[in-house]
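Peer 1: Can you read through this structure? Questions will come right after.
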């Protein structure tokens, strides 16, 4: 019964340690393989409107039309790389915004794709807090979005008013 030389034992341990190190490096990659992707969202569109004397309700001395509506496809939303059910929330961040203004959003189409989509077909106000907008499952493309602005009046000082709308989608 011969004993292995010390140098042979050390080489075997070194191989074992190397094997364990490789396994530990590979294990995190294997474990997160099912959750490494993220849902992708693309939103295209921009709404700008000039409100001037031609928007007076009854000519000089009258108030401005108080409500303005964008085209029904002012925003186009694509949602991809989904792994089942998802939900979208919406909020806005004002840059220069008047307190009289209220901005609303609604979904005007289902878009296309293999999954389903529901909710969001009635106007809802966009605030600075995430609000549920609509939900669905699987990938959906070309979902049309429409905006409405209320609260316009000659009492609001004339200037350029801007806000940014954030659409966020997450797994459910």
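The numbers here are math on the coordinates, done by the rules we state, and not lab data. Quick caveat: nothing in here was measured; it's all calculated off a predicted structure. We place every Cβ from the backbone using ideal geometry, glycine too, and count neighbours over all the protein chains shown.
Peer 1: Quick check: pseudo-label points 7 Å beyond the Cα along Cα→Cβ at residue 43 and residue 122, how many nm apart are they?
Peer 2: So the label points at residue 43 and residue 122 sit 2.2 nm apart.
Peer 1: Next question. If packing is taken as the average count of other Cβ atoms within 10 Å, what order do 71-83, 137-149 fall into, highest mean first?
Peer 2: 137-149, 71-83
Peer 1: Please label the shape of the range 124-170 as rounded, prolate or oblate, based on the square roots a ≥ b ≥ c of the eigenvalues of the alpha-carbon gyration tensor (a/c under 1.5 means rounded; beyond that, a/b larger than b/c means prolate, else oblate).
Peer 2: Cα axes put the range 124-170 in the prolate bin.
Peer 1: Within 10 Å, count the other beta carbons around each residue, average over each peptide in 158-169, 115-126, and list them highest first.
Peer 2: 115-126, 158-169
Peer 1: Could you tell me whether the range 40-171 comes out rounded, prolate or oblate from its Cα gyration tensor? Rule is a ≥ b ≥ c as square roots of the eigenvalues, rounded for a/c under 1.5, then prolate if a/b exceeds b/c, otherwise oblate.
Peer 2: It is prolate, given that a/c is not under 1.5 and a/b is the larger ratio.
Peer 1: Quick one: 94, 52, fewest Cβ neighbours within 10 Å first, how do they rank?
Peer 2: Least to most surrounded, the residues fall as 52, 94.
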